[in-house]
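Working notes, structure below.
Since every read-out is calculated from the coordinates, none of them should be taken as a lab result. Since this is a predicted model, take the numbers as computed values, not measurements. Note: ideal-geometry Cβ built from the backbone for every residue, glycine included; neighbour counts use all protein chains shown.
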Amino acid sequence: MVEQFIPIKVIQQKLEHYCAYQERCHTEVTQKLKELGIYGNQMNRIISHLIEQNYLNETRFAEHFVRGKFKIKKWGKKKLLRELKKRNISDWNIKNAMKEISDTNYWESGQALAEKFWKSNEDRPLAEQKKKVWNAMQYRGWETELIMENILRLEHQKE
């Protein structure tokens with residue numbers, strides 16, 4: 001089987017579409033290029049082009065990532081931080097992106113999420129209900145103190 005040569009312009013256009021469709025980080029773009037068999041100087045040229053043409057912007061990616069995962073998936077700050085670090089996002093971009101979530105909005109979302117899990121487990125014994133809330137929120141990356149505050153608040157309301 002003979003490998004077919006794909007012109008760099010065609011690959012560049014593919015990556016432009018890939019980045020225009022959804023915000024991407026450098027790690028995702030690098031992985032995509034490797035899948036297409038592009039390495040070394042060619043990879044660097046394509047990534048530079050994407051940055052220059054504003055298809056690839058890690059600050060914008062981090063901000064969209066935080067807003068989206070918080071709003072839609074109800075992720076807590078610990079999980080957001082872990083996932084951004086996994087994608088090799090710089091500390092500055094992570095810190096900047098976390099500003100997308102106001103403290104008030106974060107607290108209110110934590111309360112609403114705890115209440116949702118609390119209500120969905122009302123038929124269980126109290127200890128099991130508390131454990132379900134704990135596990136669900138911890139899995140989503142919420143801080144221990146916030147989880148405990150909500151469990152105690154909900155337990156107190158039940159009395």
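Length gained on full extension, Thr144 to Arg67: 25.6 nm, using 0.36 nm per residue less the C-alpha separation. Calculated [222 nm] ellipticity per residue, helices only, for the chain: -23500 deg cm²/dmol; basis is -39500 (n - 2.57) per DSSP H run with n ≥ 4, divided by all residues, nearest 500. Once the Cβ-Cβ distance of Glu108 and Glu128 is raised to the sixth power relative to R0 = 22 Å, the FRET efficiency obtained is 0.25. Partners of Lys14 within straight-line reach, counting lysines whose Cα lies under 27 Å from its Cα and excluding those fewer than 8 residues away in the same chain: Lys32, Lys34, Lys69, Lys85, Lys86. Put a dot 7 Å past the Cα of Asn135, heading toward its Cβ, do the same for His49, and the two dots end up 5.0 nm apart. Give me the distance between the Cα centres of the stretch 55-109 and the stretch 123-144, rounded to whole Å. So the two Cα centres are separated by 23 Å. Extending 7 Å from the Cα toward the beta-carbon at both Lys99 and Glu155 defines two label points whose distance is 3.8 nm. Remark: spin-label model distance Tyr39-Ser120 equals 4.5 nm, labels positioned 7 Å along the Cα→Cβ axis.
Alpha-carbon geometry of the chain: the Rg and the Dmax are 21.3, 74 Å, given in that order.
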